[in-house]
Amino acid sequence: MSQDLETVRGALRERLGEALLEEHEFRGDLTVTLPRERLVEALTFLRDDPRLRFDLLSDLTAVDRPEEELRFEVVYQLTSTVHRRFLGVKTRVRDAEPCPTATGVWPGANWMEREVYDLMGIPFDGHPDLRRILCPDDWEGHPLRKEYPLGREEVAFTHNLDTYQPRPVIISPDYTDAY
């Protein structure tokens, strides 16, 4: 384990104690799981503590685990541009249970949380403008949930309907040339 990871781990244990639910290290990166009630406190601490300085929210996404009671994992990927280190932070929520917003810590979380809301249906408590961002407003359901029906809809373009001829897909035996 690197000294950098031990610094992050020690600072989190010192601040959160028993609230640090899980720690997982993989290929030199650390991921921690926190209760949603302590999420904003932890994210603020990770940003502001001079030993850590995770000053960039690189990504925010979610994982659907329908077989578990706490169905969704909301995943924050943090970067310290000062110390050149990365950290994954997870929290778990039930279906329709709100996750606290991170927009007060990183304003850039706004659109990322809207995307997670739109595609997974996870509401963010305290979000300043929580509405769909990718799907139309009248879209039913959340396309990245596991129970969302798989299907396909043919794309029709009005400018070429009269001349459009679909191209056959021919796959060569060695699969090196798809067309």
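Structure summary
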read-out: Ranked list, fewest to most other Cβ atoms within 10 Å of each Cβ, for S2, S80; value: S2, S80
read-out: Semi-axis lengths (Å, descending) of the ellipsoid that matches the C-alpha gyration tensor of segment 37-96; value: 26, 12, 7
read-out: Residue-span extension gain [F26 to W139] - 0.36 nm each, minus C-alpha spacing; value: 36.9 nm
read-out: Ranked by how many other beta carbons lie within 10 Å on average, peptides 20-32, 3-15 from highest; value: 3-15, 20-32
read-out: Under-5 Å amide H pairs with H127, H placed in peptide plane, nonlocal only; value: T101
read-out: Of all DSSP beta bridges in segment 1-129, antiparallel share, percent nearest 5; value: 75
read-out: Order by protection proxy (mean Cβ within 10 Å, highest first), peptides 70-76, 96-102, 48-54; value: 70-76, 96-102, 48-54
read-out: Among Q77, F124, P98 the positive-end extreme of the charge dipole of segment 3-125 (Cβ point charges); value: Q77
read-out: Local electrostatic count at Y148 - Lys and Arg +1, Asp and Glu -1, tallied over other residues with Cβ under 12 Å; value: -1
read-out: Where the Cα pairs of segment 3-125 fall when distances are cut into 5 Å bins, in %; value: 2, 11, 23, 25, 20, 12, 5, 1
read-out: J(HN,Hα) series, segment 124-135, from Karplus relation 6.51 cos²θ - 1.76 cosθ + 1.60, nearest Hz, glycine and proline x; value: 10, 5, x, 5, x, 7, 7, 8, 4, 10, 10, 8
read-out: Residues whose placed amide H lies under 5 Å from that of S58, excluding near-sequence neighbours; value: Q77, L78, T79
read-out: Distance (nanometres) between label positions extended 7 Å along Cα→Cβ at T7 and V63; value: 2.7
read-out: Extension gain (nm, one decimal) between D55 and E14, 0.36 nm per residue minus Cα-Cα; value: 12.8 nm
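Every number in this text was worked out from the coordinates using simple rules, so none of it is lab data. All of these numbers come straight from a predicted model, not from anything done at the bench. All Cβ positions, glycine included, derive from the backbone under ideal geometry; neighbour counts span all protein chains shown.
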